[in-house]
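Comments concern the structure below.
The values are calculated or read from the model by the stated rules, or taken from the named source; none is laboratory data. This is a predicted model, so every value here is computed, not measured. Neighbour counts run over all protein chains shown; Cβ positions are idealised from the backbone, glycine included.
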Amino acid sequence: MPGTIKNVSVLMVCLGRSPMAEAVLNHQIAQRPSLKERFNFTVDSAGTGAYHEGDEADERTIETCKKHAVPISCRARPIRSSDYDKFDYILAMDNSNLQTLLYKKPATSKAHISLFGAYDPALHLPAPAQSNGHGHHSHAHHHTRARPKAQPIVDPYYDGVSGFEQAYWQCAKYASGFLDYLEGGEQAHSVGGEQTEEASKKVLEAMGA
């Protein structure tokens, strides 16, 4: 229905990187005024563990966000069972947290759970054709380059400031891709997160979980 505003809730999950992801997504939402005409956003972050509950984000996360004029004010909290019903999208920063989320996901939950990196715009570009060495491009199956896979947000805690800077740019790229996905009607392209979720379920089954 024209003029209808859709509620969209997003939970970023990790053990340290999710506050930056929350802040960056909120900032990008603010940079797209047209989104307010279509969506009412709720964005939060949580950890798969209760470490540092109530604490502010890491100082280096805060400094990196300030460098890019991104407001950040979140406090650490663990994920709750109610989050699986409250949030439409639960986005993990890496595969370990993704597997934990999938393992704990209630059967009744309708939340879309994936890597944040599943919204990388590069995942939704056509795979380039390969040259056959004579100036022509082959589309044969064995010459087709595999599509890139969703990548985790780098763990910046052992790489100093440069690690946090890299994590920031990943968050910025994935947040942009996520908002493009919503603006495109959530069906504009196949989301890598769906494939990631299925792959993670197979990993859990192989582990006997």
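For region 111-133, a residue qualifies if it is farther than 16 Å from I153 by Cα and at pLDDT 95 or above, and the qualifying residues are A111, H112.
When D85 is tested against (1) touching a residue at least 40 places away in the same chain (Cβ under 8 Å); (2) part of a helix (DSSP H, G or I), exactly one condition is not met: (1).
Listed by first and then second residue, the pairs linking a residue in region 167-182 that is surrounded by fewer than 21 Cβ atoms within 10 Å (Cβ to Cβ) to a residue that is of a type in the set (V, I, T) and in a helix (DSSP H, G or I), with Cβ atoms under 6 Å apart and 6 or more places separating them unless they lie on different chains, are A172/V24. Cβ separations smaller than 7 Å between residues 6+ apart or across chains give the following pairs from region 41-57 residues that are more than 20 Å from I29 (Cα to Cα) to residues that are of a type in the set (V, I, T) and part of a loop (DSSP other than H, G, I, E, B): G47/I79; T48/I79; A57/I72. Taken over region 59-79, residues that are buried (at least 16 other Cβ atoms within 10 Å of the Cβ) and farther than 17 Å from W169 by Cα amount to 4. The set of residues in region 25-62 being within 17 Å of V161 (Cβ to Cβ), in contact with a Phe, Trp or Tyr (Cβ under 8 Å, 6 or more places away or on another chain) and of a type outside the set (S, T, N, Q) consists of D58, R60. So if I check each of Y168, Y157, which one is modelled with pLDDT of 55 or more, in a helix (DSSP H, G or I), aromatic (F, W, Y) and farther than 28 Å from F41 by Cα? Just one listed residue meets the conditions, Y157.
Filtering K36, K66 for residues that are in a helix (DSSP H, G or I), closer than 25 Å to H112 by Cβ and either in contact with a Ser or Thr (Cβ under 8 Å, 6 or more places away or on another chain) or among the charged types (D, E, K, R) (or both) leaves a single hit, K36. Would a scan of region 89-101 turn up a residue that is in a loop (DSSP other than H, G, I, E, B), over 19 Å from the mean Cα position of the chain (by Cα) and either of a type outside the set (D, E, K, R) or modelled with pLDDT of 95 or more (or both)? Scanning region 89-101 turns up no residue that is in a loop (DSSP other than H, G, I, E, B), over 19 Å from the mean Cα position of the chain (by Cα) and either of a type outside the set (D, E, K, R) or modelled with pLDDT of 95 or more (or both).
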